[in-house]
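Enquirer: First the structure, which I've put down as structure tokens, then a few questions once you've had a look.
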Amino acid sequence: MYDKTSIIVAPATTLGQSAIGIIRLSGPIETDKQKQAAILQILFKVFRAKYLSSADLNTNKEREERCCLKPWTLHRGVALDSHGQEIDDVLAVYMPGPRTFTGEDCVEIHCHGSRVILETVLEACLNAGARMALPGEFSYRAFMNGRIDLAQAEAVSELVSASSVQGARLAKAKLDGAFGQRIALLKEKLLSLKAKLCVVLDFSLELSGDELDNVSEAEIKQNIAELETGLKALTKAYQRARAWRDGCMVVLVGSVNAGKSSLMNAMLGRRRSLVHDIPGTTRDYIEESINLNGLNVRLVDTAGLRQTDDLVEADGVEFSRELLSQADYVLFVKDACFDLSEEEKELLLTHPDHILVLNKQDLLDTSRSIVYDACNTKIYISAKKSEGIDTLLDVLHEKLLLKMELGKSFEQNSDLAPNLRQNKLIQAALEELNLFDLDLENKMPIEILSVRIDIILDKLEEIIGKTDLDEVLEKVFGDFCIGK
Ligand SMILES: Nc1nc2c(ncn2[C@@H]2O[C@H](COP(=O)(O)OP(=O)(O)OP(=O)(O)O)[C@@H](O)[C@H]2O)c(=O)[nH]1
Ligand SMILES: [Mg+2]
């Protein structure tokens, strides 16, 4: 995958218009202190410090300074294009490794934030001998040089893509290494479990599980229980973290013309979804995000549920059902003037995490009372007149906090934020732990029990990264953006 010998370069900020735009370089540490660092040789082809006018260059002091720019100091100067022409007034900083993000020699050039300038400086760096960094390559080098563990590397990516303050905090805690420490604690427990088994093994190679004395067995059971609690807490935390990080998915479903698109627009406070009295107006799903008291909620408007001969609409209906199964919460929109059909009642029963939104209350004949008993929570609204929307949003917020267990003290769980990859490994570890428990019950030989522990250990190690796992690393870092 990545080679580790070249000097890599990439924009560290977006290639757009902004006050400042940064080009970042990283390359292997120059170990020969007498030699000019290779990264500086590149820098001096694209950057000239302000005080280095050609006349001044004759003094020894400046020659020295030119040879080795004072580290950790911002130097004012000009950026040069590939032909040596001045292109921008910039600041440059040289950061010798190993105490840098990548653990290597690093350089940053702070330009004015213009796409043209950044691309020109980038091109000059490439012509001077640097290579364009691949996605995630800076973080990869930080990981390979032992500056961060794999969970921390992923946290860098999670931090920049967090969609809420809490999501950013979770990523920051992981970046600080708290998550890695939690895994290390679980690893310790496993090792102590393995040690106990080894002690028993040492007594006799013939010994089998049923010959474990009562004390050892009680201790082992205690260890398993602690491990199980620790792993389960992490999978629960995954759900919570996912909600804070990626947002909760709330799907609006119901029969055609119920007012789903009107409700979507009312919740967004703007016209986004097409509204019409022709049934079957919405065919493809429409997704928009809202910030519900700090919680990122992805609202999805769907095609109305009905039997149809129209092939395109039928596809839309099929998709609505698929989205329904993925939803964290469902807003089941119903025209309040009509009774629930048997099919609708069944749908509500199979999706208990729903709010029945009874729309068009402005048309409701108060003398007519319809009993809607197949639901957990019902709220009357008028999407057209924007009535009841605030109440609906408040109730939805409350429900989501409850469902995703987000009401619990955030600070208390701030270090627990596995991502999808990590959660899969945690679940695999849990499954293996259950098998271990079963084997113990069935008095299996200790060697088999010991192998199970090794498998769990492998899973935990993969979470924080083992350097020989090339495939995992490629996948993890490949998902990063360039410059990270
Ligand atoms: N009186 C009244 N009419 C409403 C209300 N909400 C929606 N409507 C009307 O109901 C019709 C259907 O509204 P939509 O929002 O398009 O309904 P939908 O559920 O998205 O329909 P499909 O996309 O066909 O599934 C439109 O004519 C709306 O103006 C309401 O609260 N009161
Ligand atoms: Mg619609």
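The values are calculated or read from the model by the stated rules, or taken from the named source; none is laboratory data. Just so you know, these numbers come straight off a predicted model, no measurement behind them. Heads up, the Cβs are rebuilt from the backbone with ideal geometry, glycines too, and the neighbour counts pull from every protein chain shown. For accessibility, only protein heavy atoms count, side chains too; no ligands or nucleic acids. Shrake-Rupley method; radii C 1.70, N 1.55, O 1.52, S 1.80 Å.
Enquirer: Using DSSP to call loops (not H, G, I, E or B), can you name the chymotrypsin sites (Phe, Trp or Tyr not before Pro) in the stretch 65-127 whose Cβ has at most 14 other Cβ atoms within 10 angstrom?
Expert: Filter output for the stretch 65-127: Trp72.
Enquirer: Going by a ≥ b ≥ c, the root eigenvalues of the Cα gyration tensor, does the stretch 8-149 fall in the rounded group (a/c under 1.5), the prolate group (a/b larger than b/c) or the oblate group?
Expert: Numbers: a/c = 1.94, a/b = 1.13, b/c = 1.71.
Oblate.
Enquirer: So, for the stretch 215-284, what is the accessible surface per residue at a probe of 1.4 Å, expressed in square angstrom? Mind showing how you got there, number by number?
Expert: Working: 2960 Å² over 70 residues.
For the stretch 215-284, the per-residue accessible area is 42 Å².
Enquirer: Which cross-chain or sequence-distant (5 or more) residues have an amide H under 5 Å from the amide H of Ala383, H modelled 1.01 Å from N in plane?
Expert: It is Lys360, Gln361, by chain and number.
Enquirer: For Asp315 paired with Glu287, estimate the spin-label separation in nm (one decimal), with each label point 7 Å from Cα along the Cα-to-Cβ line.
Expert: 1.8 nm
Enquirer: Another question, if that's okay. Could you pull out every residue, at least 5 positions away or on a different chain, whose amide H is within less than 5 Å of the one on Ser18? Hs are placed 1.01 Å off N in the peptide plane, and Pro or chain starts have none.
Expert: Under 5 Å from the amide H of Ser18: Gly113, Ser114.
Enquirer: So how far apart, in nm, are the two label points at Lys424 and Thr350 if each is 7 Å from Cα heading toward Cβ?
Expert: Spacing of the two 7 Å Cα→Cβ label points: 2.8 nm.
Enquirer: In sequence order, what are the phi-derived ³J(HN,Hα) couplings for the stretch 296-303 according to the Karplus relation 6.51 cos²θ - 1.76 cosθ + 1.60 with θ = phi - 60°, rounded to whole Hz, with x for glycine and proline?
Expert: Values, residue by residue: 7, 10, 9, 8, 10, 8, 10, 5 Hz.
Enquirer: Please compute the modelled spin-label separation between Lys443 and Glu387, points set 7 Å along Cα→Cβ, answer in nm with one decimal.
Expert: Here the modelled spin labels are 7.4 nm apart.
Enquirer: Collect residues whose amide H, placed 1.01 Å from N in the peptide plane, falls under 5 Å from the amide H of Met132; neighbours closer than 5 in sequence don't count.
Expert: Placed amide hydrogens put Val9 under 5 Å from Met132.
Enquirer: May I pose another question? Once neighbouring chains are kept in place and the probe is 1.4 Å, which whole percent of the accessible area of the stretch 8-149 is contributed by carbon and sulfur?
Expert: Details: 3640 of 6920 Å².
Ligands and nucleic acids excluded, carbon and sulfur reach 53 percent.
Enquirer: To continue, here is another question. Stick to Cα atoms and the Kirkwood definition of Rh, then tell me Rg/Rh for the stretch 247-403. Before the final figure, lay out the partial values.
Expert: Working: Rg = 14.4 Å, Rh = 15.5 Å.
In the stretch 247-403, Rg relative to Rh is 0.93.
Enquirer: Hey, another quick one. When Rg is the radius of gyration of the Cα atoms in the stretch 215-259 and Rh is its Kirkwood radius, what does Rg/Rh come to? Kindly include the intermediate steps, with their values, before the conclusion.
Expert: Details: Rg = 20.5 Å, Rh = 14.1 Å.
Rg/Rh for the stretch 215-259 comes to 1.45.
Enquirer: Can you flag which of Lys35/Lys174; Lys236/Lys360; Lys172/Lys399; Lys221/Lys459; Lys33/Lys459 are past 32 Å Cα-Cα?
Expert: Numbers: Lys35/Lys174 38 Å; Lys236/Lys360 39 Å; Lys172/Lys399 27 Å; Lys221/Lys459 21 Å; Lys33/Lys459 42 Å.
Pairs exceeding 32 Å: Lys35/Lys174; Lys236/Lys360; Lys33/Lys459.
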